[in-house]
Each structure stands twice: as structure tokens, then as C-alpha cells.
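For reference, the structure discussed in these notes is given below.
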Amino acid sequence: MGTARKRFGSTLVSATALAVSLVLVAGCGSGDEDKARTKDGKTVISLGLFGVMGYKETDLLDRYMKENPDVTIETDVAGDEQTYYTALQTHLAAGSGLKDIQGIEIGRAKELVDTQADKFADLSKTPGLDHFLPWKQSQVTTGDGKVLGLGTDIGPMAVCYRKDLFEQAGLPTDRAEVAKLWEGDWSKYVDVGRTFKQGSKDSKVAYMDSSTGLFNAMIYGDEKQFYDEDGKLIYQDNPVVKDAWKLAADAATSGLTAKLRQFQPGWDPGLSNGTFATTVCPAWMLAHISEKAGPANKGKWDVAKAPKGANWGGSFLGVMEDSPVKEQAEKLVAWLTAPEQQAYIFEKLGNFPSSKTALDIPAVANGTSPYFSDAPIGQIFGDAAKEIPAKQVLGRKDGTIKDTFSLGLQLIEAQGKSPDDAWKTTDERIQKLTR
Amino acid sequence: MATSIDPRQSRRNILHRLDLGAVPYTFIAPFFLIFGAFGLYPLLYTFWISLHRVELSSLDTMEWRGLANFTELFEDDRFWNALSNTFTIGVISTVPQLLMALGLAHLLNYRLRGSVFFRVAVLTPYATSVAAAALVFTMLFERDFGMINWVLGFFGVDNLDWESQKWPAQFAISTIVIWRWTGYNALLYLAAMQAIPKDLYEAAAIDGASRWQQFRTVTVPGISATIVFTIVLSTIGATQLFGEPLIFGQGPNGISGGADNQYQTLGLLLYEEGWKNYQMGRASAIAWAMFLILILIFVLQRVLARVLSRTPRPVKAPRRARPSRTS
């Protein structure tokens, strides 16, 4: 009897061990919850965002939740877009970990349109869609008319400058006069830098933050940058890219830059401590500058019209096709990108509306920025927006190629390589990454 | 009677044999099942992917390339650059780290007040996350406003651009590694040191050996197995170095290991190919190259250990037996 019980006992133990191990292995595979997530009986909508898109920074989401008491919104904001997009790609490939709503940066739009269109919900049926700028909407529309996202903002450009630093260098400080100095040509902007360097009493203050900003400003003033309409790489021969590279390299080798990397450590304290006098600023950068430069510098910064209009950046909000709360998410996206809300974010942060209708709202058209010496940013960026090419050709690896070019400019700026060597390295890198 | 018992008896025999034979295997089954699912399968699948051209955005479409990913990799100077960076950062972080750990363990091995406190304190850097440590160090090494350049400024040193120069960048990264792992290794050494019989030290002391001589002739030989173990462990860690340089560089620079790839390690190159260029096939080839390198190091280490164990060692016993009153 005793031995029989013992035997039964050990068989039980071994069976349990086997079962437990199977469960351990299997447990990680399952656990997918297809049901809509709810909390306290409310529908939960999750947003994946990056940078300062204005939804977490303003009370817009709270207002939406108040108007729709059955909805709870959760946001997950990544500071760095590269990090954000890498995670998004991984989640798209794995088919899990996606939020209901995902932000899309313009540099990634084409790649998502080309390769991931089926994972996004079609927003072309959204009522009132025609209030967007036509070129903006076309950037996330597939060949067969599927709309992957709705525009949040665009990036018309200006030049942000420090009045006090201009004054000590003997340059005019009035924004109209400053804009006159470089009117019409970016090379004049660099020439002003040489005057600044000569006149400056503080050798530690650079004229501009980085050559990358100048490069971006120049290439995005044209309808084509790295690719043509057929998706062929043209950066090697595109005069726009070549000219931009030349001028940016010129600025970098003339010691006009602070050799900083935008949005990286050193740039933020540079904004607050005034280690550079100008930075090319798309509208969405104003929020960043005013936050990082801090209240102590209020009124020292100003905004002047850029030599040439261009569009740098701007984003979209897309809804995931598999989202359990697809309809509610679509409704939320449409509301967040509606003209009134875009105008509201512009008022609060300076992100410039991608909605045609919003441009005529007085708060936008007559908008001023108290932080930037009450500059009429509505008018400055509004005028710049009109100069943006009506058509913009995007390419699959736009974002990555742009990053590679900024690395290439750093080779000149911080590593001391010759512009020719740096171009060669950059060219090789792009060939490798697009291979 | 007998006919009715026989089948039962044989069934019992089977159960009995199963009991003896299968139960131990069942007990260790969880490890092998999990290893199969999360270790072996990914390993083989990675190899399968490395023979193809696969993009991250479309994992289901594969294009057969054979060994082309590998041959291209060996012709790519980025690979050799990353390999040499991995090696140099590995050396300048592992060697000082293990030496410091040894010294630290020796100090902790003394009888001192509050030894538990110090032992725990030594381990705290290891408990912090890579990200937090790397971020703090990145701020310390920052060019314009970093604390290290600020201190150097008192000695008349101009602001060093740590990130964009090769050796300063690699040095900065290795300090993060050293800071995090020294305490961990010190505790391993300490554990081994405490296993050395006290009478060896007493005998050495009677022989008139100084602390330093005791350390050299008693402590180090006594923990040699642990030293080899930590070297292997640190080598594996150094080969896989990833988080520290990634965060140290910040943004696109981190992934490329600096504008000139001056501190791009193999781990970063893998990440760049896979998650920036979205070429999973090429990334998998790098992963397998790293795996093969680790195996190579392991084999070399075994061979080295065998060769070393064959060479006759100085015999310690006579030294202890030597009459102490020689003078």
C-alpha cells in the first residue's frame, strides 16, 4: 500500500511539473486581449505621440474627456522621434503593442504609405476632411485614395534670433530690419553671420546653433529633396541638396556654428545660456525654445522672416485598423485635428495649423508670441506657409536620409573632415541604407 | 490467478521504470522547454533570416540570398570598425574594472566596522539601470555645460568635445561600464577570498610576508578560478555592449555610434541595420557573427587555460615550509 501511494504521488508530481512547464511556455504566447479596454466602465483610447505635439501640453484631451464622459484617454509621449518611430516599426511588424492612435512624422509618411497602409484605418470618409491644406493631405494618401492620417501641424520656417546678442554684435534688432538683411537668399543669412562674428564682442557666442538647421531649411524649400516622383533616389544630382550642402559646409568651416546637435544635450542649455544667436525655427520649434530657454530669457528672443519659405516637419495622427475602439479613436482624431483645435494649439504653443480653415481664424492670423517679443507669428509663419511649394515629393527613407546628412555635416563641424570627404562618407552611407 | 496478475505486474513495471527514468527529466523539462522556445528557436530562426533579404516592415516576404549577407558583412569596413571599437572599449573598460574590483575586494576582505554597509554600497551602481547611469554620465561629459569639463576648466583645459572624438568618447563610455560593474565583480572576488583558509594568511604572516605579498601569493592564486570566470563574463558583456554607447550618443548619433562611427559597437551596428535601416537579414548576420565571435573567444580561453595548466607552476609549499628564522 505504502509503495503504491508513493508511486502515485511521484507520478502526480511529474505530471504537475510537466503541466507547469507547458503553461510557462504557452503563457507568454497568449494573453492577447481583443476586447476593448475599459476602465471604470469607460472606453480607453490610447495615443502614441512624440516631441511636443500639444495634446499632452494643453488641456485639449481633458476638454474632450469632459465633453465625452464615457471616454478615458491615455497618452504615451516619446521625446525623440527616432526612438518613437523605431518602436512603432517594431510594433507594426510584431502586430502588438500598438496604441489606438499613433502619431506619424512627415519624414516617415511615405514609408508607412508604401509598406504599412493596411495596418491603418482609412480616414477618407471623415466628415469635413476638405479643410486641410491639399498638399498636406496628399502626403498620407495612398494611390487608391486611402487616407492614413489627419494632419496636425505643418512646419513653415522663420529664423529665431537673440536680440541682445545681435545688439552686442552691432547688428539691427528690429525683426523687419533683420529680415531685410538676408531677404531672398540663404547665402545672405550666412553672410550676416560673418558680420556677426566680426562685430561680436564675445568670442564664445556662435552665430547659429548647427549647420544642420540651415541645410534642412534650404532643402525643404523645394518640392523635391532626396527622391523623385517615381521613388528614385536623386539626392546625388539634385542641385537643391548640393547647394544646401555647400552652404551648410561653408558655415560649418567658417566657425559660424556652435557645433551643437538640435534637440540633443547641449542644445537646450545653449538656448537658455545664449551660446548661439540664431536658429532656423519651424513654427513647432517655438514651443521647445520657449520651454528650454525658460522665463529668464523671455523677450530676448525674436522671430524674423526666413530668406525663403520652406516646410520642415509637421505630423499626422493615424488610427490603427485593429484598434478595438477604432470608431471612437477616429472621432477623437477628427476632433483633435479640427480647425478650432489646431488654432488653439497654435495659440498655446505655436504649432502651425495644417488646416486651411484654421489659417483664417483671427487667433491664428493675428497671433503673436509674448515670449518672442510679441512677434506677429501668425503673420510671419502664415506668409512663410504661402511660400511652401504646393507639391512636395516624399520618399521612403526621407527621415533616415535626413539624419544621415546631419551626421555628415557633423563630420565637417565637429570632426574636422573636409566637405568632400564628408560628402563621400554620407553618400556611401545612404547607398548602404537604401540598398 | 497468475494470468490475471501478470498484465498488472507489467504495467507496474512500466510505471516503475517511468518513475525512475522520466521523473528527473520532467523536473528539468521547464528549463529545456523554455530554452527551446526562447533560446534555440530564435537562434535558428535568426540564422534562417540571415540567409535572406527581409525588411522589418514586411517580415513575411523573404528573398533568398544564401550567404551573401555574411560575405557582404566581412567586406564592409563598418563591421571591422565596429569590431575594433568593441574590442578597444572592451579592453579599456574590462581591464581597469577587474583590477579595481580586485583591489576593492581585498579592502573589503579586511576586518572592518560596518562591512555589510560597504559591501552593499559597492553593489548599488550595479542595481541602477543602464539608461539612468548612461544618461547621468552623458550629462557629466557634456561639452559646454558638463561637470567634467567644468572641473577640467580649473586646470586650464579647454572644453573637450568628448562625444565627437574617438578616444575621449570611448573612454567616457568605458567609465560608465566600469562604474556599473566594478562593485559586482568585487563581490564575486570577495566571496572567493572568504573561502581561502585563514591559516594560509597566518602562515604567510609568520613567514614575514607583507600585506602586498600575501595578496600576491595567497589571495590571487586562491581566487584564480573566479578571476577567469569574471574575465569570461566581462568579455561576453563587452562583446554585447549596447545600451551605454546608444544613450551616450543620444538620438541618431547614438545609433551610428557617433558621426564618424567612432564608438559604434557590434551591438549598435546590429541595431542600426535592423531598426534604422530595417534590414533584418543583415542584422541577423551580424547577430550570428557576434555569436561566432563569442564561441571563438570561449574556445581560445579553454585552449589558453589548458596550455597554462600544463606549464609547471611554482610550488608554494616549500616556501611555507622554509624555516622562518633565516636571518
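Bear in mind these aren't lab numbers, they're just calculated from the coordinates by the rules spelled out. Keep in mind it's a predicted model, so treat the numbers as computed, not measured. Counting neighbours? That spans all protein chains shown, and the Cβs are built from the backbone with ideal geometry, glycine included.
The modelled label-to-label distance for the pair residue B:117/residue B:225, using points 7 Å beyond Cα in the direction of Cβ, is 3.5 nm.
Counting other Cβ atoms within 10 Å as a rough exposure proxy, the listed residues A:160, A:281 run A:160, A:281 from fewest neighbours to most.
Of B:17, B:211, how do they rank once you tally other Cβ atoms within 10 Å and put the fewest first? Working shown, then result.
Numbers: B:17 10, B:211 13.
By the 10 Å Cβ count, ascending: B:17, B:211.
How many percent of Cα pairs in chain A exceed 30 Å? Roughly 48 percent, once rounded to a whole number. Springs join every pair of Cα atoms under 10 Å in this Gaussian network model of chain B, and among B:229, B:35, B:248 the largest mean-square fluctuation is at B:35. Summary value for chain B: 25 percent relative contact order, contacts being C-alpha pairs under 8 angstrom separated by 6+ residues. Among A:41, A:79, A:399, which one shows the biggest mean-square fluctuation in a GNM of chain A, springs joining Cα atoms closer than 10 Å? For chain A, modelled as a Gaussian network with Cα springs under 10 Å, the answer is A:41. Taking 7 Å steps out from each Cα toward its Cβ at residue A:59 and residue A:391 produces label points 4.6 nm apart.
In this Cβ point-charge picture (+1 for Lys and Arg, -1 for Asp and Glu), the protein assembly as shown has a dipole of about 4620 debye about its Cα centre. Per residue of peptide B:246-255, the mean number of Cβ atoms on other chains within 10 Å of the residue Cβ is 5. Shielding by partners for peptide A:254-267, expressed as the average number of C-beta atoms from other protein chains within 10 Å of each residue's C-beta, is 4.
Which FRET efficiency, nearest 0.05, do residue A:272 and residue A:90 yield, Cβ-Cβ r, R0 41 Å?
Details: r = 35 Å, r/R0 = 0.85.
My answer for the efficiency is 0.75.
Assuming a ≥ b ≥ c are the square roots of the Cα gyration tensor eigenvalues, decide whether the protein assembly as shown counts as rounded (a/c under 1.5), prolate (otherwise, with a/b larger than b/c) or oblate. Verdict is oblate for the protein assembly as shown. Cα centroid separation, region B:62-78 to region A:233-310: 39 Å.
Would you calculate the separation in nanometres between label points at residue A:421 and residue B:27, each defined as 7 Å from the Cα along the Cα-to-beta-carbon direction? About 6.4 nm, to one decimal. Here the gap between residue A:138 and residue A:292, fully extended at 0.36 nm per residue and compared with their Cα-Cα distance, gives a gain of 52.1 nm.
Quick one: putting +1 on the C-beta of Lys and Arg, -1 on the C-beta of Asp and Glu, what dipole do you get for chain A around its Cα centre, in Debye to the nearest 20? Provide the component values of the computation, followed by the final result.
Numbers: 51 positive and 59 negative charges, 239 e Å.
For chain A, the charge dipole is close to 1140 debye.
Applying 1/(1 + (r/R0)^6) with R0 = 22 Å to the Cβ-Cβ distance of residue B:242 and residue B:298, what FRET efficiency is obtained, to the nearest 0.05? Walk me through the numbers before you get to the answer.
Numbers: r = 20 Å, r/R0 = 0.91.
With a Förster radius of 22 Å, E is 0.65.
Volume of the convex hull of region A:95-194 (Cα atoms only), normalised per residue: 188 Å³.
The share of alpha-carbon pairs in chain B lying farther apart than 39 Å comes to 36%.
Ordering A:397, A:308, A:356 from the fewest to the most neighbouring beta carbons within 10 Å gives A:356, A:308, A:397. Between A:211, A:200, A:244, the Cα set farthest toward the positive side of the dipole of region A:190-258 (charges on each charged residue's Cβ, about the Cα centre) is that of A:200. Under 17 Å from the 7 Å Cα→Cβ point of residue A:236, by amide nitrogen: which residues of region B:251-291? None, by backbone N distance to the label point. For the modelled label position 7 Å from the Cα of residue A:253 along Cα-to-Cβ, which residues of region A:207-229 have backbone nitrogen atoms closer than 19 Å? Inside the label zone: A:207-208, A:210-216.
Under a point-charge model restricted to the Cβ atoms of Lys and Arg (+1) and Asp and Glu (-1), what is the dipole moment magnitude of chain B relative to its Cα centre, in debye to the nearest 20? Walk me through the numbers before you get to the answer.
Working: 27 positive and 21 negative charges, 481 e Å.
Here the size comes out at about 2320 debye.
Would you mind checking the tilt of helix A:398-413 against the longest principal axis of the Cα atoms of chain A, expressed as 0 to 90 degrees and rounded to 10? Helix A:398-413 and the main axis of chain A meet at about 50 degrees. Legend: calculated FRET efficiency, residue A:180 to residue A:66, from the Cβ-Cβ distance at R0 = 41 Å, rounded to 0.05, equals 0.30. In region A:346-435 the Cα-Cα distances spread across 5 Å bins starting at 0 as 3, 12, 16, 11, 9, 10, 14, 12, 9, 3, 0 percent of all pairs. Pick from B:168, B:125, B:24: which is most flexible by mean-square fluctuation in a GNM of chain B where alpha carbon atoms under 10 Å apart are linked? Evaluated over chain B, the most mobile residue of the options is B:24.
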